[in-house]
Structure formats: structure tokens, C-alpha cells
Amino acid sequence: MLNFLQNQILFYAALVFVLFLPGHFLLLAIFGKSKILSQLEKFIISFGLSIAVLDFILFAYSGLKISISRPSIIIGLLLFMAASFGIYRFRLRKNRLDYEESERTLFSFSRHQLALILLIIFLAFFIKTAFLSQTISPNATDLGHHMYWSKWMVENHRLPDYDGLPDFIVGEQTIFGTIGILSGLSFFSAFPPVILHLVNILGILTVFILTLRIFKKKNIAILSLLFVGVLYAVTAPQSKFVSGGVIGNILGNFLMPLAFYLYCRAFESIFSTPLLPPGEGARRADEGAESTNVEISASKIFLSLAIFVTFGLFYTHHLTALIFLFVFAFLVLFFLAANCKDIKIILSKVWKVFFSPPVLAIFIGGLIFFFFIFTPNYINPSAVNTAVGAPSKASREGLTIANLRTSIGEDRLGLGFFGLAILLFHLRKKRWDFGYLAVFSWGAIIFLLAFAPRLFFINLPSDRIGNYLSYPFSILSAYGIYAVFKNPALKNGKNQKPFGNSLVRLAFMIIFGFIFIKGISDSAEAIPIQNDYDGLVETFRSSAYLAERTNTDDGIIKDHNYIAGDSWIKLFFMRGYKYPLSRGYFKRYDDTTKPREMCTLYMISNPGGKDSEQCYSDTKTDFVMVNPRYDSVQFRKLNEFNQIYMSPEVAIYYKDK
Amino acid sequence: MTQQTKIIIFLIILLAVSSSYLFWVDAKNNSFDYGKDWWAVYFDEPKNLSWNFSIENHSDKNNFKYEIFDGENKISEDSAIIAKGEVRKINLDQKIGGIESKKITITVSDGMETKEIYKNL
């Protein structure tokens with residue numbers, strides 16, 4: 001018990017030190033005590049900025065050949081925080097950025113709204129925790145692969161090189177490696193999925209603040225929180241991806257909305273004044289140059305932060321980064337096309353903001369890091385070629401509407417489309433509003449990428465892209481449902497009342513009740529019945545047995561089909577990402593689009609065959625780990641194999657070389 | 001206390017409770033013994049001709065009977081009481097002299113289930 005408590009304290013201390021304080025101090029240095037960001041926004045953004053700060057500190061260490069260890073991490077982060085605090089103290093006497101009173105009241109809720117927000121947050125935690133309590137233990141294949149490289153970072157005191165594999169991106173490992181180093185916790189504990197759980201919640205909260213900032217309507221923001229946080233709270237890309245260890249998606253779904261939030265904040269202030277409707281624009285212009293300067297200054301700072309977070313995103317997940325690029329490119333083109341009459345004003349303002357010292361410093365600094373100090377593995381021609389081109393498989397030719405219905409939920413899809421249509425209609429009057437256009441582009445482009453990837457010439461699994469649709473469609477659903485049921489008295493006219501207020505309320509209750517029950521029952525069905533962990537601990541025990549009794553001269557092969565949590569076996573050896581060898585899923589050996597080696601199949605399925613004999617010799621394999629319930633008979637028949645370990649779910653055979 | 005402070009504190013409390021609960025659940029799941037029912041038998045030195053083996057018990061059964069075969073012939077048998085969570089090393093090298101056949105087999109039974117390990121010479 002004492003050990004458990006000690007581990008808990010170490011974990012939370014490391015979590016706050018690594019994932020909160022750096023971003024908090026950075027915001028303090030930039031904004032001081034300004035109210036330009038609400039407390040809640042500062043709290044959420046601090047985590048996103050901390051992730052990017054940590055990445056860049058570790059990249060700097062890598063470039064300077066500084067060992068990544070507990071003291072060096074602590075010193076690096078403390079120096080960063082001290083420098084940020086120094087800047088804050090230095091700037092205390094200078095003019096501070098501040099905002100209108102209306103901005104301050106944006107985060108002031110009525111008692112009912114506050115109660116609703118707290119209830120939604122509670123439900124989100126409750127549902128997700130109920131699901132994760134059944135799936136938290138280290139079992140998932142993807143998480144095992146990622147944790148190998150995180151543990152590699154801990155043991156080798158440097159950023160992983162991935163043996164040249166382009167499938168991994170360093171940002172997926174830095175958080176886990178750093179917290180592993182600082183806390184000393186085992187990678188076989190719950191700490192990796194718990195961190196992902198936290199990031200998942202932060203992603204949901206980011207959607208909340210983004211929606212509130214864009215639409216300036218608290219009820220839309222609360223509805224979006226409900227749609228993304230409570231309804232379908234378990235299905236991909238949420239808690240299922242947390243327990244499954246789909247790290248890139250989880251981090252991407254936090255950093256991408258955060259980047260949109262910061263871009264929206266950067267552009268909302270500079271584009272609002274000259275592009276406002278007649279009358280409003282003149283009123284704002286009368287306020288004088290001072291307020292414009294404040295807006296320009298705020299814009300520069302938010303754009304710098306947006307670019308910083310974008311680099312963090314590009315260092316974290318290639319698919320999210322690619323989707324972000326598509327959405328952002330469309331957003332910019334759409335914005336310019338929608339405001340083509342004001343293009344001169346827009347470009348002159350953008351010029352003033354972009355070609356400013358803070359923005360250029362972050363942009364050029366990020367590019368230098370990206371191309372010269374630490375370049376992600378996916379920046380190479382072969383990786384780009386695999387993602388670009390005509391779809392090479394049926395699974396990459398796009399999702400049907402039926403697929404999308406299953407992926408993000410029928411009602412959320414329907415309401416999302418409805419919200420998209422309403423938003424498009426409202427864009428006639430909101431064409432200058434960067435936030436409105438951002439939500440529209442986010443939803444529309446991801447839908448098109450998933451539905452018709454040929455339009456964009458991309459060759460990626462469509463279901464993986466479709467998973468990104470749930471976040472923008474949650475916002476659009478909230479917007480759609482709000483548009484229908486807002487202020488019914490005004491809509492119907494005081495005297496006409498074709499639908500009385502009570503009838504509208506009743507309709508709202510029925511529709512909303514239907515959506516709510518469907519969304520909650522989806523999560524309830526996804527919660528598995530109590531898992532059996534005997535197989536998992538047997539895998540870990542047998543792996544420890546082999547790790548103690550073998551060395552690098554020994555070759556090991558294990559089976560992926562029938563051994564529980566087998567991708568975690570390599571963490572016991574730490575002798576290479578592809579050690580031990582693995583017999584993959586049988587269907588993979590029949591994949592005509594991607595011919596693969598057959599030795600791993602032969603060595604377990606037919607160990608007595610001639611091909612197999614050659615394979616054993618070539619790979620120097622002398623130990624075989626299989627599930628005796630499925631793969632035992634073929635070894636028992638052969639005299640050269642010794643049955644040296646036996647438990648219900650794992651048998652180990654030794655073949656004397 | 002402002003509304004936002006309330007929301008942030010609420011978030012922190014929920015996160016702490018949720019993650020502590022998940023750590024606790026995981027600690028139980030990851031335990032070799034808690035709620036588990038399995039046992040294993042293995043050679044202590046798999047690569048050489050040592051016959052020493054271990055029985056590792058993570059089940060509720062405690063009485064284990066083991067038999068040693070030289071080819072088809074039983075050459076030794078014994079039993080051991082092994083508590084849950086205990087690993088019992090059984091030193092056979094001192095007990096067994098020359099082996100006549102080309103295979104030595106050890107079978108272990110808990111009364112319900114039998115497992116076997118063997119080495120070919």
C-alpha cells in the first residue's frame with residue numbers, strides 16, 4: 001500500500017512538472033496577469049504548450065548531444081520556467097494586453113449552466129473510467145509498440161532512432177519517456193493509458209473553449225461538450241484509443257483543436273474591425289488606434305503560439321498533421337475567396353502580423369528544428385509515397401455513409417450534416433469570421449477526405465481518417481440543434497405561435513432524449529465484461545523467465561495470434577524493436593499487395609518443414625513462445641525441440657543450435 | 001471562489017480519483033496472484049542438461065505431485081505443498097544418476113490438471 005501511495009505521488013508530481021508547469025510559466029511570461037485568457041483557457045492551453053515545450057527541449061538536448069536523464073530534464077524544465085518567470089517580472093511594468101468586458105463575461109455562466117457543465121464533466125469521467133477499468137492493463141498491441149521506444153529512451157538516455165522505421169514519430173514517445181524517467185514507474189503500470197486519458201479529456205475541453213470562443217454562445221459550447229464528452233464517449237477515437245494506445249490520434253485530437261483555437265484567436269481580432277457589417281465597423285474604428293494596436297499585438301502573440309503548437313503537432317503525429325494541412329489550406333483559400341473584395345485589407349493585416357519579430361522567430365526557429373536539428377522520420381520520399389497516390393486497397397477507397405454512421409454515431413452524423421448546412425447558410429453574413437469558417441472547413445474537409453479520398457489523391461486507410469470526424473461533427477451537431485431550438489418565441493412570432501413554446505420544448509426533449517439514450521447506450525455496450533488477466537500475466541512471467549536465461553546470441557520467436565499482450569514481450573528484452581520475431585496475423589501472409597517474409601509463419605506453423613529448418617538456421621532462433629492450446633502438437637512430435645516451460649497459456653520450446 | 005476555479009478544481013479532483021482508481025485496478029490485474037488461478041512448471045536452466053526445475057504456484061491449489069520419467073520409465077516421484085505466490089525449486093540433479101533413454105520428462109499435477117516439461121538428450 002505504501003509503495004502504491006509513493007508511486008501515485010511520484011506520478012502526479014511528474015505529471016504536473018512535465019505537462020502543466022512549463023506551459024503555465026510560458027503563458028505567464030506572455031500574458032502576465034492579463035484577462036485575455038480565462039482561467040479555464042489558461043489551464044487547458046498550459047498542457048498543450050507544455051507538450052510542445054518538452055519536445056523542443058529534448059530536441060535541443062539531442063542536437064547538443066546532452067544525455068536525457070532525470071537531472072538534465074529537471075534542470076532543462078526548471079531553466080525554462082525560471083526564464084519565463086524572469087520575462088514575466090521584466091514585463092510587469094509594461095503595458096498589458098487586455099480585452100473588452102464582454103470577453104471577460106464570456107466565461108461567466110448562470111447557475112444552471114455551471115451545474116450542467118459540472119454534470120457533463122462528471123459523466124464524461126464516469127463513463128470513460130468505467131470503460132478503462134476493464135481495459136487499463138497493458139494488453140494493447142499499439143501501446144506495447146510505443147512503450148518499447150519510450151522505455152528505450154529511458155534506458156539509452158536519448159531520443160529513439162526507431163531503427164529507421166517511419167511509422168513512429170518522436171512526439172508520441174517524449175511524454176511517456178520523460179514521465180517514466182522522472183517517476184521511475186514501470187511501463188507495465190497504468191501510467192501510459194492514464195496520461196492518454198488525461199489528454200483525451202483535455203481534447204474535449206479544448207473543443208469546449210474553441211466552440212465558446214467561436215460562437216460566443218454558452219449553450220452551444222455546453223452542447224458541444226456533451227456531444228464530444230459524454231455521447232459516444234468510449235468509441236474511437238476516444239477511450240477505445242486510450243486503452244488501445246493509439247497515441248498519435250489522442251494527442252492529435254488535443255493539439256489540432258488547440259491549434260485551431262489559437263489561429264482563431266489570432267485572426268478574430270484583426271479581421272473583425274474592417275470587415276464588420278456597416279455601422280459596427282465604424283463604431284469599432286472610432287475607438288481609436290490604441291485598441292487596434294492591442295488587437296494587433298494579441299494577434300501576433302496568438303499566431304506565434306498557434307505556430308508553436310502546430311510544430312508540436314507535426315512532431316507528434318503524421319496523419320493528424322496531414323489532415324490539419326488539408327483543413328488549414330482549405331480554410332485559408334475559403335477565407336480569401338469569401339472575402340475577395342477585402343483581400344487587400346486582409347493581406348496587409350496578415351503581413352503586419354506575420355512579419356513581426358515574435359511570429360517570425362517561432363516560425364523560422366521551428367523550421368530550423370524541423371529540418372536541421374531533429375527531422376521526423378516520416379519526412380522521407382518513401383513515407384510520402386506510401387501516403388500519396390491512388391488508393392491501393394479497398395480499405396483506402398473511402399467510407400460509405402453507412403460506415404460513417406457506425407464510426408461517429410447515426411444521430412451525430414445526421415445532426416452534424418444539418419449543422420454544416422446551417423453554418424453554410426449563416427456564412428453569408430459571417431464570411432469574415434475565421435472561427436465559423438474554421439469549423440466549417442474542419443468538418444467538411446475531413447468528411448471529404450474520408451468519403452472521397454481520390455479527390456485529394458491520398459492513399460491512407462479511410463477509417464483512420466473517418467475517426468477524426470467526431471470532434472468537428474460534435475461541434476456542428478451542437479450548432480445544428482441550437483439553431484433549431486434557440487429562442488422559439490422570436491422564431492414563431494408572439495401572436496402566431498404555430499408551435500407553442502411548450503410544444504417546442506417537448507420536441508426538444510424528445511429529440512434530445514433519443515440522442516442522449518443512443519449515445520449513452522453506445523458507450524454502455526462498448527464496456528467489456530470483466531476481462532481474464534491470467535493469460536496476460538502468464539505472458540509477462542514467461543517473458544521474464546526467458547529474459548533472465550537468454551542473451552543476444554539467442555533468437556526468440558513468439559506468436560501474435562494466440563498469446564495475450566504479446567507486443568509487450570519485447571519490453572522484457574530491450575534487444576531491438578523486432579526482437580523477438582513474431583508470427584503475425586495469418587491473413588497478412590496472404591496479402592498480395594504487400595508480400596512479406598514467410599519464415600515467421602513457417603517456424604511456428606510447420607517447424608519440421610525444410611523451409612522452416614533453413615529459417616531457424618538463418619535467424620539463429622532457438623526459443624519459441626506459443627500458446628499450448630493452439631500450437632503445441634507440431635513441436636511435441638519433433639525430437640530437436642525441448643518443452644522447457646509450461647503454463648496454461650504459454651509454452652516455451654528450446655531448440656539446441 | 002470563481003466559477004472557473006470551481007470547474008478547474010472539479011476537474012483536478014475527478015482526474016485524481018479516476019486515475020488513482022485505474023492505477024488500483026491495474027495493480028490488481030497485473031498481480032500474478034490476485035484473482036488468478038494458474039501455475040507453471042519450468043526447467044531452471046533450459047540450455048544445458050540440468051534437470052532442476054521449479055513449480056510456480058499462482059492458483060488456489062497447494063498440493064502438487066510430480067513424477068520423473070526416463071523415457072517411458074518412472075524413476076522418481078514426490079509431492080510438495082506450495083502456497084499461492086510461492087516458487088518451489090526442485091533439485092533433481094542430485095537425485096538422479098545416469099539417464100538411460102534419450103528423453104527425460106517431468107510431469108506435475110495439482111490433482112485436476114497435469115503439465116509436462118521435457119528435454120531430449
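Computed from the coordinates by the stated procedures, all read-outs in this text should not be read as laboratory data. Note that the structure is predicted; figures quoted are calculated from it, not measured. Every residue, glycine among them, receives a Cβ derived from its backbone with ideal geometry; neighbour counts consider all protein chains shown.
Give me, ordered by chain and number, the residues 5 or more places off A:Ala233 or on other chains with an amide H under 5 Å from its own placed amide H.
For A:Ala233, the qualifying residues are A:Ser523.
Sticking with the crude label model, points 7 Å out along Cα→Cβ, report the distance from A:Ile9 to A:Ser521 in nm, one decimal please.
4.8
For the protein assembly as shown, what class follows from the C-alpha gyration tensor (a ≥ b ≥ c being the square roots of its eigenvalues): rounded when a/c is under 1.5, otherwise prolate if a/b is larger than b/c, else oblate?
On the way: a/c = 2.19, a/b = 2.02, b/c = 1.08.
Taking the square roots of the gyration eigenvalues as a ≥ b ≥ c, the protein assembly as shown is prolate.
Rounding to the nearest 20 debye, state how big the charge dipole of the range A:536-589 is about its Cα centre with +1 on each Lys and Arg Cβ and -1 on each Asp and Glu Cβ.
Numbers: 9 positive and 6 negative charges, 53 e Å.
It works out to roughly 260 debye.
Quick check on the range A:150-267: take the gyration tensor over C-alpha atoms, sort the square-rooted eigenvalues as a ≥ b ≥ c, and tell me if it's rounded (a/c under 1.5), prolate or oblate. Can you show the working numbers first?
Details: a/c = 2.58, a/b = 1.90, b/c = 1.35.
Note, shape of the range A:150-267 comes out prolate.
Give me a comma-separated list of calculated 3J(HN,Hα) values for the range A:424-430, in order, Karplus coefficients 6.51, -1.76, 1.60 applied at θ = phi - 60°, integers in Hz, x for any Gly or Pro.
4, 5, 6, 5, 4, 9, 10
With +1 assigned to the C-beta of every Lys and Arg and -1 to the C-beta of every Asp and Glu, and no other charges, what is the dipole magnitude of the range B:38-120 about the Cα centre in debye, to the nearest 20?
So the dipole magnitude of the range B:38-120 works out to roughly 120 debye.
Round to the nearest 10 and give me the degree value, 0 to 90, for the angle of helix A:534-549's Cα axis relative to the longest principal axis of chain A.
Between the helix axis and the principal axis of chain A, the angle is about 60 degrees.
Can you tell me the 0 to 90 degree angle between the C-alpha axis of helix A:247-275 and the longest principal axis of chain A, rounded to 10?
It is inclined by approximately 20 degrees.
Let me know the charge dipole size of chain A about its Cα centre in debye, to the nearest 20, where only the beta-carbon of Lys, Arg (+1) and Asp, Glu (-1) is charged. Don't jump to the answer; show the numbers that get you there.
Details: 62 positive and 45 negative charges, 496 e Å.
With Lys and Arg at +1 and Asp and Glu at -1, about 2380 debye.
Loop only per DSSP, at most 16 neighbouring Cβ atoms within 10 Å: give me the GluC sites (Glu not before Pro) in the range B:84-120, ordered by residue number. Could you put the intermediate results ahead of the total?
On the way: sites: B:Glu86, B:Glu100, B:Glu113, B:Glu116; in loops: B:Glu86, B:Glu100, B:Glu113.
When the GluC sites (Glu not before Pro) of the range B:84-120 are filtered for loop state and at most 16 Cβ neighbours within 10 Å, B:Glu86, B:Glu100, B:Glu113 remain.
Between A:Ser62 and A:Lys33, what's the calculated FRET efficiency when r is the beta-carbon distance and R0 is 30 Å? Round to 0.05.
Numbers: r = 35 Å, r/R0 = 1.17.
The value I calculate is 0.30.
Quick one: compute the contact order of chain A, relative version, from alpha carbon pairs under 8 angstrom and 6+ residues apart, as a percent. Don't jump to the answer; show the numbers that get you there.
Working: 923 pairs, mean separation 94.0, N = 657.
It rounds to 14 percent for chain A.
Rounded, prolate or oblate: which one fits chain B, using the alpha carbon gyration tensor with axes a ≥ b ≥ c (rounded when a/c is under 1.5, else prolate when a/b beats b/c, else oblate)?
Verdict is prolate for chain B.
Neighbour counts of other C-beta atoms within 10 Å: give me B:Ile99, B:Ile104 arranged from fewest to most.
Values: B:Ile99 15, B:Ile104 21.
Taking fewest neighbouring Cβ atoms as first place, the list is B:Ile99, B:Ile104.
Could you tell me which trypsin sites (Lys or Arg not before Pro) in the range A:610-645 are loop residues by DSSP with no more than 15 other beta carbons within 10 angstrom of their beta carbon?
A:Lys620, A:Arg629, A:Lys637
Counting each DSSP H run of 4 or more residues in the protein assembly as shown as -39500 (n - 2.57), what helix-only mean residue ellipticity at 222 nm follows after dividing by all residues, to the nearest 500 deg cm²/dmol? Present the calculation step by step, with values, prior to reporting the outcome.
Working: 31 runs with 454 residues, N = 778.
Calculated mean residue ellipticity at 222 nm is -19000 deg cm²/dmol.
In what sequence do A:Arg91, A:Arg454 fall when counting other Cβ within 10 Å, fewest first? Can you show the working numbers first?
Details: A:Arg91 15, A:Arg454 12.
Fewest to most other Cβ atoms nearby, the residues stand as A:Arg454, A:Arg91.
Enumerate the calculated ³J(HN,Hα) couplings along the range A:6-12 in order (Karplus 6.51 cos²θ - 1.76 cosθ + 1.60, θ = phi - 60°), each rounded to whole Hz, writing x wherever the residue is Gly or Pro.
Values per residue, Gly and Pro as x: 4, 4, 5, 4, 4, 5, 5 Hz.
Under a Cβ-Cβ limit of 4.7 Å, which cysteines in chain A have nobody to pair with?
For chain A, the answer is A:Cys264, A:Cys340, because their Cβ atoms have no other cysteine Cβ under 4.7 Å.
In degrees, nearest 10, range 0 to 90: what is the angle between the Cα axis of helix A:470-485 and the longest Cα principal axis of chain A?
The angle comes out near 30 degrees.
Need one number: nm distance between label points at A:Ile373 and A:Ile87, each 7 Å from Cα along Cα→Cβ, rounded to one decimal.
Placing both labels 7 Å along Cα→Cβ, they lie 1.4 nm apart.
Which FRET efficiency, nearest 0.05, do A:Tyr589 and A:Ser348 yield, Cβ-Cβ r, R0 56 Å? Walk me through the numbers on the way to the answer.
On the way: r = 61 Å, r/R0 = 1.08.
So the FRET efficiency works out to roughly 0.40.
Relative to the present Cα-Cα distance, how much length would full extension add between B:Asn91 and B:Thr114 at 0.36 nm per residue of separation? Intermediate values should be presented prior to the final figure.
Working: separation 23, 0.36 × 23 = 8.28 nm, distance 1.99 nm.
Gain on extension, B:Asn91 to B:Thr114, equals 6.3 nm.
Can you list the HN-Hα couplings for the range B:9-22, worked out from phi with the Karplus curve (6.51, -1.76, 1.60; θ = phi - 60°), rounded to whole Hz and with x for Gly and Pro?
Karplus-based 3J(HN,Hα) across the range B:9-22 equals 4, 4, 4, 5, 4, 4, 5, 5, 5, 4, 6, 5, 4, 5 Hz.
Quick one: work out the % antiparallel among DSSP beta bridges in chain A, nearest 5. It would help to have the intermediate numbers written out before the result.
Values: 10 of 17 bridges.
Roughly 60 percent of the beta bridges in chain A run antiparallel, per DSSP.
Taking 0.36 nm per intervening residue step and subtracting the Cα-Cα distance, what contour gain separates B:Thr2 from B:Asn48 on full extension?
Values: separation 46, 0.36 × 46 = 16.56 nm, distance 7.08 nm.
Length gained between B:Thr2 and B:Asn48: 9.5 nm.
For the pairs A:Lys35/A:Lys240; A:Lys518/B:Lys28; B:Lys61/B:Lys119; A:Lys128/B:Lys6; A:Lys637/B:Lys47; A:Lys42/A:Lys344, note any where the Cα-Cα span goes beyond 25 Å.
Working: A:Lys35/A:Lys240 37 Å; A:Lys518/B:Lys28 33 Å; B:Lys61/B:Lys119 27 Å; A:Lys128/B:Lys6 21 Å; A:Lys637/B:Lys47 20 Å; A:Lys42/A:Lys344 34 Å.
Violating the 25 Å limit, Cα to Cα: A:Lys35/A:Lys240; A:Lys518/B:Lys28; B:Lys61/B:Lys119; A:Lys42/A:Lys344.
Express in nm, to one decimal, how much length is gained between A:Gln614 and A:Ile401 on full extension, taking 0.36 nm for each residue of separation and deducting their alpha carbon distance. Don't skip to the answer; put the middle values down first.
Values: separation 213, 0.36 × 213 = 76.68 nm, distance 4.91 nm.
That works out to 71.8 nm of additional length.
Within 10 Å of each residue's Cβ, count the other Cβ atoms and sort A:Ile36, A:Ile250 from fewest upward.
Values: A:Ile36 22, A:Ile250 29.
Lowest count first: A:Ile36, A:Ile250.
How far apart, in nanometres, would the label points at A:Asn293 and A:Asn156 be if each is projected 7 angstrom from Cα along the Cα-to-Cβ direction?
Each label point lies 7 Å from its Cα, and together they span 5.3 nm.
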